[in-house]
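Since the structure comes first, as structure tokens, the remarks are kept for the end.
The values are calculated or read from the model by the stated rules, or taken from the named source; none is laboratory data. What you see is a predicted model, and the numbers here were worked out from it, not measured in a lab. Methodologically, a virtual Cβ is constructed for each residue, glycine included, from the backbone with ideal geometry; neighbour enumeration extends over all protein chains shown. The protein model used for the area step is the full one, side chains on, heavy atoms only, and it has no ligands, DNA or RNA in it. Shrake-Rupley method; radii C 1.70, N 1.55, O 1.52, S 1.80 Å.
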Amino acid sequence: MALYLPSLGYPFLYDSSSQILLDTFIHQPRHLGDILTLRVLGMDVLDFNRPAILLSLMGDSLLWGVNPAGYRLTNLLLHGASAALLFRLINHLSGRFSPALFASLFFALHPLHSETVVEIGYREDLLATFFLLAGLCAACRFDPEARNWSKTWLPAFGVVGCFFLGVAAKESGVAGPASLAVFWWLFRRRRSAAASCSRRGWILLLAATGAACGAFLIARFTMEPAQSVIFTERPQPIAPNWAELTLIQTRIWAAELLRIVWPAGLCADYTGYSIRGVTLLPAIFGVAAFVGLQAMFGLRNRMIALGAAVFWFSLLPVSNFIPIYRPMADRFLYMPLIGAALMLAAAMTGLGALMNRRLGRLDLGQGALSTLAALTFLAVLSPLALATLREEAVWRDGLTLWEETTRRNPTSVAAWSNLGWAQLNKSTPLTDAEAAKISESFSRALNLTNGKHAPAFAGLAIMAASVGNHSEAARFLQSAVALDARFAQPDKFEAALIHTPLEILQFKLIALRSRNL
């Protein structure tokens, strides 16, 4: 948590600006009933299908209003709590303190998490992961033979409740019930086989968890509003057929595995450009080798098998087999890194036993071995922490974020367009040099889309009006209208949560002046 304290001073960015500053839903306590009764699943609001995050944000709203520091503090608490639960889980499963500590710190300090922890709008990944870990920790305490409140019923309710909330936070929360089944098979099945009461208790727990999560998913897809003013476009497949989709996704998996091992070039918006260095054949061999190693060592080590299950159960839902809005994102790896940490702890336990035997022959003493372990920890974890500090600073404001994103991914339309808007909102009134920079950013977005990006034309219209070129502003706005009819009636953007009231007013003024030209 201390690593992310600088982010408490950052403003709302990206998706959180729309959800907290433009949308009034979470700021109206009367909507609490809609969330708790799941009526929100049929309402046209941001994250209508993730009531757990809406409940979390509503709690922040009651405490902090629109102060970003409070919302960010909640993110830090969730991240810290997840790291603590991960330590508790690994320590319980392995009985070894040092591997549990190292693997938990590896998870907590990994720079891949900067996007998830710092951007409030991505809290769904924090919540889903927190509830996954809390559910597994509760499962560790579940003992159906005890037949008392503290060892049977309380953990059982905790398991079902946590995994239900995990699915209600994000669709990848389905990893929870699936991981619970693997946990039972690996760590509790033999005990269950020896006692019919234990077996029956676990079967009931698995059935109750699956039924609760399944019921939510059915409600989530059947109650979804047929029309939306917010989600006007559906996510598109990244390939025309399953064969090509599988090949592209294999390259994406390879790129994600590389980012876990070597977290360089992290980006707020990935495109095909981001996997240009990951060619197909090495990607296939790399992913196959990774799966093969998981299978080989997982057959010998239960914690590696559980880690592999958590990794893939949480990665598959965001692997484009069902179309999603972003084919790749750093936040997609937040939950899978729990699985990576479990596998790392298991590998360290085995390696530590081997090293103790080898170094023990040299008679170095326990103090020397502990010092060697601590130095190894520092050598590995310190670079991760420093990299996290650097990545965290990228999110300190919109201008820095999108400048860095365009540098890392110059083919990102969203990055160039958002950079133009960030430059436009930062400078008032505009100088000629600032107007030139804004024009360059929006022009790059238009070049990448063959002139078919309405937000870029709209930004150019406001820029032109700001420097007094009203005829040019009218022309740009008309181009935006031709691509998106809502620019002819800017008030529609208020419900769509796309533009601020000031921007909507500027569109109206440009349109009004254009009639008088």
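Only one of these is open to solvent by less than 20 Å² (accessible area, probe 1.4 Å), in contact (Cβ under 8 Å) with a residue 24 or more places away in the chain and in a helix (DSSP H, G or I): Leu5, Leu21, Leu54, Leu32. Name it.
Leu54
Here are some residues: Val159, Val167, Val174. Which one is open to solvent by 20 Å² or more (accessible area, probe 1.4 Å), assigned to a helix (DSSP H, G or I), touching a residue at least 24 places away in the same chain (Cβ under 8 Å) and not polar (S, T, N, Q)?
That would be Val174, the only listed residue that is open to solvent by 20 Å² or more (accessible area, probe 1.4 Å), assigned to a helix (DSSP H, G or I), touching a residue at least 24 places away in the same chain (Cβ under 8 Å) and not polar (S, T, N, Q).
Within region 57-88, can you find the residues that are of a type in the set (Lys, Arg) and either open to solvent by 30 Å² or more (accessible area, probe 1.4 Å) or within 30 Å of Thr349 (Cα to Cα) (or both)?
Answer for region 57-88, where residues must be of a type in the set (Lys, Arg) and either open to solvent by 30 Å² or more (accessible area, probe 1.4 Å) or within 30 Å of Thr349 (Cα to Cα) (or both): just Arg88.
Right, Leu126: open to solvent by 10 Å² or more (accessible area, probe 1.4 Å) and of a type in the set (A, V, I, L, M) or not?
For Leu126, the condition - open to solvent by 10 Å² or more (accessible area, probe 1.4 Å) and of a type in the set (A, V, I, L, M) - is not met.
I need the full set of residues from region 481-517 which are touching a His at 6+ places or on another chain (Cβ under 9 Å), aliphatic (A, V, I, L, M) and surrounded by 13 or more Cβ atoms within 10 Å (Cβ to Cβ), in order please.
Within region 481-517, Leu483, Ile510 meet the criteria.
Would you mind telling me which numbered condition in (1) farther than 30 Å from Ala138 by Cα; (2) open to solvent by less than 30 Å² (accessible area, probe 1.4 Å) Trp202 fails?
Condition (1) is where Trp202 drops out.
Given the criteria among the charged types (D, E, K, R), under 26 Å from Glu403 (Cβ atoms) and open to solvent by less than 20 Å² (accessible area, probe 1.4 Å), does Glu434 qualify?
Criteria not met by Glu434.
Could you please find all residues in region 295-354 being outside any helix (DSSP H, G or I) and open to solvent by less than 20 Å² (accessible area, probe 1.4 Å)?
Ser319, Asn320, Met328, Ala329, Tyr334, Met335
Out of all the residues in region 99-120, is one or more surrounded by fewer than 19 Cβ atoms within 10 Å (Cβ to Cβ) and at pLDDT below 95?
yes
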